[in-house]
Ligand SMILES: C[S@@+](CC[C@H](N)C(=O)[O-])C[C@H]1O[C@@H](n2cnc3c(N)ncnc32)[C@H](O)[C@@H]1O
């Protein structure tokens, strides 16, 4: 069962009980959207670049279907989504980044190495190259940089060389093949808590989906859509994402056409109870900015 991360905090900071239009930029399985609607949001627009997520979200918000619109879109096109609906201001924005449990667990998506399956990894399966296609072309230096930067992997160069060597013999088409290449490239250091392939899978996923590209421009565009007193909640799961949100929020507070105030000096993190109940929540960082 999917459980939205830091949902109590999201409701507390977004205060949907005031009513108004809320935008969930990453609707996923609809957990946060459902909570916002239940909490009193008068209207909700939910975006996701993954159309199968929208199918699931539709069920989660079915009770409020007359107040909800789910849109298949990258949140980086939020301005367009709002423009085409004649919306100029919103009363709250939420983004909850990363992968949903559905994406990770549905066989055939290629995000997980727990099963051997086609190496796809696209959140939007209607668009762009799969991980297998990208791995076919990329040179060693690019691979090493991606794995180092997005995976914060110290053995990135070895892994990159391992990928290039392996694909000379046989194309890399499955998660199992990639995981085996990574494990072979990393020196054995006894039993580790996380699988050595985890960081490389994360890096390649971020790359395939261009997850960090234009993120700061998106944040700048999104805060301009807030009405006075409205807030933007950003939940991240990766230190690189959190760094971008932190710096951008600060920069926006210091100099932006609209007046903004960062309400979370330090990011909020899940409480002990939530971390215990929902291990996925453990790396969450929650930041809020308000239009004043
Ligand atoms: C962690 S899940 C969201 C879970 C959701 N808050 C819930 O309660 O069910 C993240 C979602 O964001 C979507 N996503 C990631 N990047 C996106 C982007 N650039 N534009 C739109 N959706 C995106 C993913 O497809 C995924 O469904």
Practice item. Out of the residues in the range 171-197 that are touching a residue at least 24 places away in the same chain (Cβ under 8 Å) and part of a helix (DSSP H, G or I), state the one that is surrounded by the fewest Cβ atoms within 10 Å (Cβ to Cβ). Key: 176
Exercise for review: Just name the residue that is nearest to residue 186 (Cα to Cα) out of those in the range 131-154 that are touching a helix residue (DSSP H, G or I) at 6+ places or on another chain (Cβ under 7 Å) and in a loop (DSSP other than H, G, I, E, B).
Suggested key: 153
Review point. In the list 106, 142, which residue meets the criterion of being outside the structural domain of residue 225 (by TED's automatic domain parsing), within 16 Å of the ligand (Cβ to nearest atom), within 24 Å of the chain's Cα centre (by Cα) and surrounded by fewer than 18 Cβ atoms within 10 Å (Cβ to Cβ)?
Key: 106
Exercise for review: Inspect the range 180-199 for any residue being closer than 21 Å to residue 114 by Cα, within 15 Å of the ligand (Cβ to nearest atom) and at pLDDT below 95 and give the result as yes or no.
Suggested key: no
**Study point:** Residue within the range 104-127 that is in a helix (DSSP H, G or I) and either more than 21 Å from residue 170 (Cα to Cα) or at pLDDT below 95 (or both) present
**Key:** yes
Exercise for review: Determine whether the range 222-233 contains at least one residue that is assigned to a helix (DSSP H, G or I), without any contact (Cβ under 8 Å) to a residue 60 or more places away in the chain and crowded, with 18+ Cβ neighbours inside 10 Å.
Suggested key: no
Study note, to complete from the structure: The residue that is nearest to residue 222 (Cα to Cα), considering only those in the range 19-43 that are part of a helix (DSSP H, G or I) and away from the ligand (no atom under 11 Å from the Cβ), is 37
Practice item. Evaluate the following for residue 46: is it near the ligand (Cβ under 10 Å from one of its atoms), free of Cβ contacts under 8 Å to residues at least 60 places away in the same chain and out of contact with any strand residue (DSSP E or B) (no Cβ under 8 Å at 6 or more places or on another chain)? Key: no
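Rundown of residues vs (1) at pLDDT below 95; (2) farther than 22 Å from residue 104 by Cα; (3) surrounded by 13 or more Cβ atoms within 10 Å (Cβ to Cβ), yes/no style:
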site	(1), (2), (3)
248	no, yes, yes
251	no, yes, yes
255	yes, yes, no
260	no, yes, yes
267	no, yes, yes
276	yes, no, no
280	yes, no, yes
285	no, no, yes
289	no, yes, yes
Practice item. Take residue 275 and decide whether it is in a helix (DSSP H, G or I) and in contact (Cβ under 8 Å) with a residue 60 or more places away in the chain. Key: no
Practice item. Among the residues of the range 155-170, write down those that are modelled with pLDDT of 95 or more and not in a helix (DSSP H, G or I). Key: 155
Review point. Consider residue 113 against the criteria (1) in contact (Cβ under 8 Å) with a residue 12 or more places away in the chain; (2) within 16 Å of the ligand (Cβ to nearest atom); (3) on the phi < 0 side of the Ramachandran plot: it satisfies all of them except one. Which criterion is unmet?
Key: (2)
Study note, to complete from the structure: Taking the range 55-73 and keeping residues part of a loop (DSSP other than H, G, I, E, B) and either without any contact (Cβ under 8 Å) to a residue 12 or more places away in the chain or surrounded by 19 or more Cβ atoms within 10 Å (Cβ to Cβ) (or both) leaves 61
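The values are calculated or read from the model by the stated rules, or taken from the named source; none is laboratory data. This is a predicted model, so every value here is computed, not measured. Glycine gets a Cβ as well: all are built from the backbone with ideal geometry, and neighbour counts include every protein chain shown.
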